[in-house]
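Since the structure comes first, as structure tokens, the remarks are kept for the end.
The values are calculated or read from the model by the stated rules, or taken from the named source; none is laboratory data. Keep in mind it's a predicted model, so treat the numbers as computed, not measured. With ideal geometry, Cβ positions are generated from the backbone for all residues, glycine too; neighbour counts draw on all protein chains shown.
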Amino acid sequence: MHIPSIAEFFPPVIAFEGTIFEINRITLVRLVSALAVSLLFWAAARRAQLVPGRAQNVAEMALDFVRVNIAEEVLGERRARPHVPLLTVMFFAIVAMNITGVVPLLNMASTSVVTVPLLLAVVAWIAFVVAGIKAHGAIGFVRASLFPSGVPWPIYIILAPIELISTFILRPATLTVRLMANMLAGHLLLVMFFSMTSYLFVETSGLMKGLGVLTFGAAFAFTLFEIFVAVLQAYIFTLLTAVYISLAQEAH
Amino acid sequence: MTEGSPLVNIVGNIATIGYGLATLGPGIGIGLLVAKTQESVARQPEVAGQLRINMFIGMALVEALGLIGLVAGLLF
């Protein structure tokens, strides 16, 4: 029986061993999902017409979801324009990489290793720091973040370090860990349910096979839940990035 | 006095118990957040967008402690 463990996320190396370009199964899945999402959008946007056909319509609905429900809702229609491309790329990259966790032959979300969430969180950090510096200037941004107004000055002695850690360290760290932990836990649970089902059906006998039906039902329900979590985690990541950009631009 | 023998022998990583304890606070916190947002949206549906954004800001702060608990459990 295939008991899931952390070793699932460190499969054997396929090519370029020892260098930084090591390819294992998870890197292959990542490349496949990147290629798939690029091809989908290229095919939908090719020969774009003013009155959209079906494929273009679906792509426009998806892009409008990010633009209206995430960027414009948080930032307001005028301030959102510079940031919509970044948020769109972030959202669809995370959806594509999360959803491979439930696709039957791929079965591994490449966001479940720390690399991709860390990279996206660093990009989000750069985005909100640059937005804050553009709005307030470097010194002004640090002053607005660490010393919020409306507080009697002795409290700044404990408030400023807390704000420093909370704003500049915890924000990217929690973005990373939230995405990675959700995908990791989801994958481990799916592997556990499916391997338990196969074990109960194949290697036990009699009444235990009935238990296999239960675990298969649980695996099915959990797969649907994983699809929901994949989209939800992408939405939360992108929404929080937009929120951090908005908070960095506001004058306190 | 001679040394006594242990009553129970439990083997494993205490970090898992630590993480289990770390989930209590954020669980209650996020539950309160979402409950209050639900109530407020039911009272005044036209500000639902702004309330949802505030809920997500609060969720990011509350969930941070649960995630730190998970990382600390894995690290040590």
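Find the residue count for segment B:37-76, including only residues that are touching a residue at least 60 places away in the same chain (Cβ under 8 Å) and of a type in the set (S, T, Y).
Here the count works out to 0.
Give me a count of the residues in segment A:11-35 that are within 30 Å of A:M196 (Cβ to Cβ) and touching a residue at least 12 places away in the same chain (Cβ under 8 Å).
Total meeting the criteria: 12.
Here are the criteria: (1) closer than 27 Å to A:A185 by Cβ; (2) at pLDDT 90 or above. Tell me which single one A:L86 does not satisfy.
In the conditions (1) closer than 27 Å to A:A185 by Cβ; (2) at pLDDT 90 or above, A:L86 misses (1) alone.
Filter segment B:37-76 down to residues that are at the interface with chain A (Cβ under 9 Å from one of its Cβ atoms) and assigned to a loop (DSSP other than H, G, I, E, B), then give me how many there are.
Counting residues in segment B:37-76 that are at the interface with chain A (Cβ under 9 Å from one of its Cβ atoms) and assigned to a loop (DSSP other than H, G, I, E, B) gives 0.
Only one of (1) within 14 Å of chain B (Cβ to nearest Cβ); (2) at positive phi fails for A:G150. Which number is that?
(1)
Under 8 Å between Cβ atoms, at least 6 apart or on separate chains: pull out the pairs that start in segment A:201-216 with a residue that is closer than 18 Å to A:L190 by Cα and end on any residue that is among the charged types (D, E, K, R).
Sorted first by the residue in segment A:201-216, then by its partner, the pairs are A:F201/A:K209.
Please determine whether any residue of segment A:195-215 is more than 18 Å from B:L61 (Cβ to Cβ), within 14 Å of chain B (Cβ to nearest Cβ) and loosely packed, with under 15 Cβ neighbours inside 10 Å.
no
Quick test for you: out of A:A96, A:A144, A:A71, A:A109, pick the one residue that is of a type outside the set (F, W, Y), away from chain B (no Cβ under 14 Å), farther than 30 Å from A:L28 by Cα and in contact (Cβ under 8 Å) with a residue 24 or more places away in the chain.
A:A144
Can you name the residue in segment A:141-161 that is small (G, A, S) and at pLDDT below 90 and, of all such residues, is nearest to the chain's Cα centre (by Cα)?
Among those residues, the one meeting the criterion is A:S145.
Of the residues in segment A:230-241, how many are more than 9 Å from every other protein chain (Cβ to nearest Cβ) and buried (at least 20 other Cβ atoms within 10 Å of the Cβ)?
Total satisfying the criteria: 6.
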